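Written out below as structure tokens is the structure these notes cover.
The values are calculated or read from the model by the stated rules, or taken from the named source; none is laboratory data. Keep in mind the model is a prediction, meaning the values are calculated, not measured. Virtual Cβ from ideal backbone geometry, glycine too; neighbours counted across all protein chains shown. For accessibility, only protein heavy atoms count, side chains too; no ligands or nucleic acids. Shrake-Rupley method; radii C 1.70, N 1.55, O 1.52, S 1.80 Å.
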Amino acid sequence: MSTRSTPILSVLTEDLLIRINEKLVQDSDRKTWRLICKELHRVDSLTRKTLRVLHVEFLLTLLKNYTNLHTLDLSVCPRIDDGTISLVLHQVDHSIWARNLKCLNLSRANGLKFAGLEMLVGVCKVLESVDVSYCFGFGDREAAAISGCGGLRELRMDKCLGVSDVGLAKIVVGCGRLERLSLKWCMEISDLGVELLCKKCLELKFLDVSYLKVTSESLRSIASLPKLEDLAMVGCPFVNDVGLQFLENGCPLLQKIDVARCDCVSSYGLSSLIGGHSGLLHIDAGHCFSEVSPSFVKCTQKLKNLNTIIIDGGRVSDTIFQTISSNCKSLIEIGLSKCEGVTNMGIIQLVSGCVNLKTINLTCCRSIADSAIFAIANSCRNLLCLKLESCNMITEKSLEQLGLHCLLLEVLDLTDCCGINDRGLELLSRCSRLLCLKLGLCTNISDKGLFYIASNCSELHELDLYRCKNIGDGGLAALSSGCKKLRKLNLSYCIEVTDKGMKSLGYLEELSDFELRGLDKITSVGLTALVTRCKRLTYLDLKHCEKIDDSGFQVLAYYSRNLRQLNLSYCAITDMTLCMLMGNLTRLQDVDLVHLTNVTVEGFELVLRACCVRIKKIKLVAALSFLLSSEVQGILHARGCKIRWD
């Protein structure tokens with residue numbers, strides 16, 4: 001007697017399927033799940049909370065399918081505008097998809113103006129977080145639309161150059177419950193706007209006023225915020241020690257302060273701030289003062305829980321490190337990039353007391369040698385990130401110690417460390433949890449060393465091999481086999497790489513950022529083999545790949561629809577193919593088109609007219625500024641496109 005098997009899905013309840021679906025963390029796993037059958041697709045639609053729209057033409061369908069969204073990300077849809085929003089609201093029942101929406105990302109949505117924002121705010125009644133950063137044309141009127149979000153807790157307006165004190169006033173009056181606000185690069189906001197902000201938004205916990213032309217008077221106002229925990233004011237040229245003294249007796253809950261590149265701030269002012277805030281956890285004073293004074297470091301004795309101190313660019317001494325070692329036992333991150341006076345003895349003293357360090361930045365500390373790395377490896381067993389760019393005295397012996405003792409290491413920057421060789425990479429490969437490895441300008445490594453990394457570091461997400469001239473197709477074959485999770489790869493000027501290597505890399509399906517400028521052995525055959533498989537590419541640099549012809553670029557136009565940034569400078573592309581490429585790549589926002597000798601002025605005119613709606617940045621040869629019509633240039637400027645003339 002024959003029996004028919006019962007499909008497993010028919011015996012699983014919807015509740016159980018939902019619980020299984022919630023266990024899927026990786027996007028690739030969720031995609032596979034919903035493609036299995038209609039029932040699993042329905043379950044995914046019911047449970048999905050976050051949606052990132054890649055193509056605006058699918059927005060209507062997606063909002064109909066996903067009705068329980070908490071987060072909607074439209075930041076990679078450059079063509080979205082007021083008309084799109086109007087169409088969506090007329091054709092999709094907003095009482096369903098917008099009812100639970102709390103987070104809305106509109107970053108770089110230049111086409112959205114007052115009308116579109118007002119419509120969105122009107123239907124999204126429970127919004128708590130909005131991001132309108134880098135929206136060209138976002139001004140005071142658009143700010144007035146945002147002010148309708150009475151329940152807003154978080155707002156990012158980075159580089160909204162049209163917002164003034166008037167627009168900020170409208171927001172703070174309408175959104176008095178704000179807890180997090182970023183105004184970075186909003187150049188029209190002054191002390192007056194900050195003063196009103198601090199009077200109305202007393203719930204603020206995070207505030208970023210970086211690069212504003214505010215003075216210490218703004219810090220007087222900020223000092224009145226009773227709940228502020230995190231203050232960033234990077235590159236504020238008119239803020240000085242007087243302002244920091246205002247903060248000394250204000251902001252009782254302050255935990256993080258970032259005054260990097262504030263030229264008028266000194267060790268004295270920062271010491272005053274520290275004196276009034278024993279609960280500080282994070283201090284960033286990078287490139288802030290020329291010399292780190294002993295009195296400033298001595299003040300850290302009061303900060304029993306300090307976990308991060310960044311003093312990039314300052315002159316230090318062994319005495320400074322001895323004091324930090326004694327005072328800052330809880331330190332987990334230290335930034336010493338481009339500091340003068342960093343010695344092996346100083347680092348040895350530092351790590352003898354700060355054994356909990358997880359991140360150490362020694363970029364361009366050229367006196368550092370193996371003895372310092374030995375001490376780091378032996379003392380800091382929980383090290384996660386070590387940056388050693390241009391530390392030329394480091395050899396394979398350092399990598400041996402890291403491979404023996406720092407097994408949790410995730411990020412290692414060895415750029416321009418010419419003492420690194422294949423043997424060193426073999427020893428380093430014991431760090432099997434590596435996610436990011438930078439080996440640019442390490443000219444003594446070859447395919448052999450890359451084989452060791454590929455064999456043992458399967459979690460690698462980012463690899464930089466810039467100008468590693470001995471890397472060839474064999475190493476790339478090993479990489480494609482062992483590092484399937486690789487997302488970012490730099491092979492620029494690895495001159496031995498050929499089409500065969502490109503074919504191997506085609507198996508890296510997660511690859512999103514790829515730099516291969518100056519590879520003069522790559523042809524259209526290699527590019528075709530790559531892009532037909534690597535369909536997640538968002539950034540591609542083909543500068544000086546002069547043997548790729550139109551046939552390769554036509555394949556790129558067909559398969560690489562997710563590209564957002566592209567460099568074609570010095571390539572052999574022609575008018576017709578460039579028009580096709582720019583027309584097909586509807587998500588492209590940043591493109592370099594310098595010295596395209598086969599493209600005519602008429603070709604550039606046609607291309608720029610076709611893509612002006614979505615392109616945010618474009619680089620062209622300077623001579624074209626006199627040849628392109630003023631009409632085309634005017635359209636680009638009106639659309640918020642920044643033209644960089646080379």
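Assorted remarks:
- Over all other residues within a Cβ to Cβ distance under 11 Å of ARG644, the charged ones net out to 0, with Lys and Arg as +1 and Asp and Glu as -1.
- Per-residue ³J(HN,Hα) for the stretch 515-523, Karplus 6.51 cos²θ - 1.76 cosθ + 1.60, θ = phi - 60°, Hz, x for Gly and Pro: 10, 9, 5, x, 8, 7, 9, 8, 10
- Proximal charge balance of ASN307 [Cβ under 11 Å; K/R count +1, D/E count -1]: +3
- Label-to-label distance for GLU510 and ALA610 is 3.5 nm, based on points extended 7 Å past Cα in the beta-carbon direction.
- Taking the stretch 251-324 and dividing mean pair separation by its residue count, relative contact order in percent (alpha carbons under 8 Å, at least six apart): 34 percent
- Residues of type lysines that LYS338 reaches as a straight line, Cα spacing below 21 Å, ignoring anything fewer than 8 places off in the same chain: LYS358, LYS387, LYS438
- Note on ASN584 and ARG536: the extension gain reaches 15.7 nm, defined as 0.36 nm multiplied by sequence separation minus the Cα-Cα distance.
- Average accessible surface area per residue within the stretch 452-495, 1.4 Å rolling probe, Å²: 36 Å²
- Burial ranking of peptide ranges 533-540, 420-427 (average Cβ count within 10 Å, highest at the top): 420-427, 533-540
- Whole-angstrom gap from the stretch 289-365 to the stretch 599-645, using each part's C-alpha centre: 48 Å
- Solvent-accessible area, 1.4 Å probe, carbon plus sulfur percent, for the stretch 411-569: 44 percent
- Sequence-separation-based contact order of the chain, relative, with Cα cut under 8 Å and 6+ spacing, percent: 5 percent
- Per-residue packing, averaged as other Cβ atoms within 10 Å, sorts the ranges 433-443, 197-207, 600-610 into the order 433-443, 197-207, 600-610, beginning with the highest.
- Volume per residue of the C-alpha convex hull in the chain, rounded to whole Å³: 188 Å³
- Mean Cβ neighbour count within 10 Å, used as a protection proxy, ranking 628-634, 556-562 highest first: 556-562, 628-634
- Rounded to the nearest whole Hz, the Karplus-based 3J(HN,Hα) values (6.51 cos²θ - 1.76 cosθ + 1.60, θ = phi - 60°) of the stretch 139-150 follow the sequence x, 5, 5, 5, 4, 4, 5, 5, 4, x, 7, x, with x at glycine and proline.
- Each Lys or Arg adds one and each Asp or Glu subtracts one; over the other residues with Cβ under 15 Å from the Cβ of CYS135, this totals +3.
- Volume of the Cα convex hull of the stretch 127-283, divided per residue and given in Å³: 86 Å³
- Per-residue extension of 0.36 nm, minus the Cα-Cα distance of ARG19 and ASN100, leaves a gain of 27.1 nm for this segment.
- Rolled with a 1.4 Å probe across the full set of protein chains, the surface gives GLU291 an accessible area near 110 Å².
- Ordering MET580, MET502, MET393 by accessible surface, largest first, gives MET393, MET580, MET502; the 1.4 Å probe counts only protein heavy atoms, with every chain in place.
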